[in-house]
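The values are calculated or read from the model by the stated rules, or taken from the named source; none is laboratory data. No experiment lies behind these values; they were computed from the predicted model shown. FYI the Cβ positions are ideal-geometry reconstructions off the backbone, even for glycines, and counts take in every protein chain you see.
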Amino acid sequence: MTLQFVSSRAAPAPEAGGELGGALLGAGAGAGHPDWPVQRISAPLPGSTATVVAETWRAGSTLAAGSSEGIAWRRAGDLLYGVLDLDEAGFAGDAARPPLQAASTEAYRRIFRLLDAQGLPHLWRVWNYLADINAVTHGLERYRQFNIGRQDAFLASHRGATGNVPAACTIGLAGGPLSIAFLAGATPALAVENPRQVSAYLYPADYGPRSPTFSRAALALLPGQEVLFVSGTASIVGHRTVHAGDAAAQCRETVANIAAVVAAANRVRRSPPFVPGDLAFRVYLRHAADFPAIRATLAQLLGAAADIVYVQADICRADLLLEIEAYASHNLGNCR
């Protein structure tokens, strides 16, 4: 079984075989109805003439599929991809918790129940999207409400909330449900941290009652393959935002953080070293007006041919102007 990532500036073609799941990004994210689980991210695509970008994970293996408590999922051997969308309005009756917090707890508990039932208990990579991420409701920023709900589910489901936790991103959209997509496996991925940053799960209480539950990156092993997932990464040194108000400087700091976490991954990798040219990037920018500066900065740092998809969306801290996530895969047969 080999996990392959395919990105196309067009709606997905009819199923060719091996589609595990994927995402549709852009103003056209609601169009098309792939047969596989798909996360729909309705947001502008700065610099793109396409109305939609289709990203698909393919696995060269016989697929099983199903639905569990609202989760659409497909499985290839010991690898599973799933998507769950929850409407917060369905949790408005929980007087003890804000609706987003309650929805987040329920979403992750459903995910963990599915993974336990499938015998694939280990989350590798998670993509979280929610509306109005920086808004304050019920006396607390919504991103912080989400972090409480997510950690509650990890603990209630007997998963640790520190250490070997999945790679992840949490991004804000203008509207829509709480949407979570995930990849999971039978064996744990190896969490990788960034020596330039405090681990997110160890953030001080300045950033909310509960710390975010994710690692800076994760290395996952499949038969004959090693996969690197770099979490959403931003202009944070230690635990503090740096270069507030300067998109180009935040971009340079973000790339420095990605370089640091890739170097950390290379110290424990089993395949040949990962380099920036290996990576496929998704760049979230808060303001469309910052796109020219961010694109020029990334062209200088990564090269004009870098594989980048730009999405306009909100970041988990109000003073962050961009966030970058990345992915790469190596054949273990190339080890020397």
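When you look at Arg110, is it within 19 Å of Ala181 (Cβ to Cβ), at pLDDT 95 or above and assigned to a helix (DSSP H, G or I), yes or no? Yes. Those residues that are over 15 Å from Phe229 (Cβ atoms), of a type in the set (Ser, Thr, Tyr) and crowded, with 21+ Cβ neighbours inside 10 Å, I need them from the range 118-175; list them, please. Once the filter is applied, which keeps residues that are over 15 Å from Phe229 (Cβ atoms), of a type in the set (Ser, Thr, Tyr) and crowded, with 21+ Cβ neighbours inside 10 Å, the range 118-175 yields Tyr129, Tyr143.
Would you check if Pro34 is farther than 30 Å from Gly224 by Cβ, surrounded by 14 or more Cβ atoms within 10 Å (Cβ to Cβ) and of a type outside the set (Gly, Ala, Ser)? Criteria not met by Pro34. The set of residues from the range 267-288 being outside any loop (DSSP other than H, G, I, E, B) and either under 23 Å from Pro44 (Cβ atoms) or at pLDDT 95 or above (or both) comprises Ala280, Phe281, Arg282, Val283, Tyr284, Leu285, Ala288. Only a single item in (1) surrounded by fewer than 15 Cβ atoms within 10 Å (Cβ to Cβ); (2) assigned to a loop (DSSP other than H, G, I, E, B) is not met by Gly90, and it is number (2).
Yes or no, residue by residue, for (1) surrounded by fewer than 16 Cβ atoms within 10 Å (Cβ to Cβ); (2) within 23 Å of Leu155 (Cβ to Cβ); (3) acidic (Asp, Glu):
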{"site": "Tyr207", "(1), (2), (3)": "no, yes, no"}
{"site": "Phe214", "(1), (2), (3)": "no, yes, no"}
{"site": "Ala220", "(1), (2), (3)": "no, no, no"}
{"site": "Ser231", "(1), (2), (3)": "no, yes, no"}
{"site": "Ala234", "(1), (2), (3)": "no, no, no"}
{"site": "His239", "(1), (2), (3)": "yes, yes, no"}
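Of all the listed residues (Ala264, Ala256, Ala304), the sole one being touching a strand residue (DSSP E or B) at 6+ places or on another chain (Cβ under 7 Å) and more than 30 Å from Gln145 (Cβ to Cβ) is Ala264. Look at (1) closer than 20 Å to Ile315 by Cβ; (2) assigned to a loop (DSSP other than H, G, I, E, B) and you find that Leu120 fails only one, number (1). Would you please name the residue that is surrounded by the most Cβ atoms within 10 Å (Cβ to Cβ), looking only at residues in the range 274-297 that are touching a residue at least 60 places away in the same chain (Cβ under 8 Å) and farther than 24 Å from Leu228 by Cα? Ranking the candidates gives Phe291 first.
Scoring Ser271 on the criteria (1) in contact (Cβ under 8 Å) with a residue 12 or more places away in the chain; (2) out of contact with any His (no Cβ under 8 Å at 6 or more places or on another chain) leaves a single failure, condition (2).
Looking for something assigned to a helix (DSSP H, G or I) and more than 20 Å from Ala27 (Cα to Cα) - is there at least one such residue anywhere in the range 310-331? No, because not a single residue in the range 310-331 is assigned to a helix (DSSP H, G or I) and more than 20 Å from Ala27 (Cα to Cα).
When each of Trp36, Trp57 is tested for being of a type outside the set (Ser, Thr, Tyr), in contact with a strand residue (DSSP E or B) (Cβ under 6 Å, 6 or more places away or on another chain), over 30 Å from Ala293 (Cβ atoms) and in a loop (DSSP other than H, G, I, E, B), the lone residue that passes is Trp36. Residue count for the range 247-263 satisfying the condition of being under 14 Å from Ile236 (Cβ atoms) and within 18 Å of the chain's Cα centre (by Cα): 5.
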